[in-house]
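Asks: Quick one: the structure is below, and I'll ask about it shortly.
Just so you know, all these numbers are worked out from the coordinates, no wet-lab data involved. Computed from a predicted model, the values in this text were never measured in an experiment. Cβ coordinates were reconstructed from backbone atoms using ideal geometry, including for glycine residues, and neighbour counts include every protein chain displayed.
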Amino acid sequence: MILDIINFILIVIAIIAEYYFIYVFFIKSKRGKYPPFVPTTKKVVNEIVKIISEYLENNSQMNIAELGCGDARIICKLADKFSNHKFIGYEWDKFPYFLAKIRCKKRKNVSVYRQDFMKADYTKTNFAILFTGNEIAKELSQKLASEMPKGSIIISECFELPKLKCINEVNTDKKNYFFLPAKIFIYTIE
C-alpha cells in the first residue's frame, strides 16, 4: 500500500516535470531559443567562481550579471565571497526565478529580476556569466559587444559566442546535465 502511494507520487512528479519542460522549452522559450532551467554542476560552478575571483579580488565595486541565472547558485556563491561587488541575475522562467529569489533573499548585494536578458541594459556591467544556446548566441554576443564597456569579461558555459574575442578556454573534463562537454569560454570586450 505505501509502495503504491510512493509510486503514484513519483509518477505524478514525473508527469508534471515532463509537461513543465515541454511547456518551457517549446512554448515559453520560443522553441528552444532560450535554454530551459538546468542547474550548473558543482564542479563548473566552482570553476566559474575561481575564474571570476581572479578578476574581482583586486578591484573595487564591479557589476556582475548572470544571464539566465536559474536558481542563482553562481551569483550567490560569488556574492558571499565578494560583498563589495553588485550581482544581478536575470531569469525569465517563473520556477527558477522563484528559487533564485529565495536563495538570494538575505544577500544585500544581489538583485534578481524576472526579465528576458535580451531586454536588459549592460552598459554598466563589467562581467557577464551565461549558459545560452546556439540559437541566441550570435544575437546575444552582438548585444553584449555593443553595450558592455571595453575590457569587460564574459564567461560562457558550453557555448561559443561569435563576434567576441575568446581569451581563454577552460575544460572541466566533465559533462554537464545536457551531456555537453562542460567547457568554459572566457571573452573580453574590445
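Asks: Give me the one-decimal nm value for the distance between modelled label points at Ala120 and Asn168, 7 Å along each residue's Cα-to-Cβ direction.
Replies: 2.2 nm
Asks: Based on the mean of other Cβ atoms within 10 Å per residue, sort peptides 62-73, 151-162 so the most packed one is first.
Replies: Descending mean neighbour count gives 62-73, 151-162.
Asks: What order do you get for Thr40, Thr172, Thr123 when you list them from fewest to most C-beta neighbours inside 10 Å?
Replies: With the fewest neighbours first, Thr40, Thr172, Thr123 line up as Thr123, Thr172, Thr40.
Asks: Work out from phi, with θ = phi - 60° and the Karplus expression 6.51 cos²θ - 1.76 cosθ + 1.60, the ³J(HN,Hα) of each residue of the stretch 71-77, listed in order in whole Hz, and give x for Gly and Pro.
Replies: Computed from phi, the couplings for the stretch 71-77 are 8, 6, 5, 6, 5, 5, 5 Hz.
Asks: Normalised radius of gyration for the stretch 104-148, please: alpha carbon Rg relative to 2.2 N^0.38 Å, two decimal places.
Replies: Taking the Cα Rg and dividing by 2.2 N^0.38 Å, one obtains 1.30.
Asks: What are the ³J(HN,Hα) couplings of the stretch 150-165, residue after residue, when phi is run through the Karplus curve with 6.51, -1.76, 1.60 and θ = phi - 60°? Round to Hz, x for glycine and proline.
Replies: These are the phi-based 3J(HN,Hα) values: 4, x, 5, 10, 10, 10, 10, 8, 6, 10, 7, 10, x, 6, 10, 7 Hz.
Asks: Something else now. If you take the beta carbon distance between Gln142 and Ile9 as r and set R0 to 45 Å, what does 1/(1 + (r/R0)^6) give as a FRET efficiency, to the nearest 0.05?
Replies: Once the sixth-power term is evaluated, E becomes 0.45.
Asks: Could you check the spin-label model distance between Asn134 and Ile2? Points 7 Å from the Cα along Cα→Cβ, value in nm.
Replies: The two pseudo-label positions are separated by 4.9 nm.
Asks: May I pose another question? Quote the FRET efficiency, to the nearest 0.05, computed for Ile16 versus Asn84 with a Förster distance R0 of 35 Å and r equal to the Cβ-Cβ distance.
Replies: My answer for the efficiency is 0.25.
Asks: Based on the alpha carbon coordinates of the stretch 36-159, what radius of gyration and maximum Cα-Cα distance (Dmax) apply, in Å?
Replies: For the stretch 36-159, the Cα-based Rg and Dmax read 13.2, 36 Å.
Asks: Using 0.36 nm times the number of residues separating Glu54 and Arg107, minus their current alpha carbon distance, what extension gain do you get?
Replies: 16.9 nm
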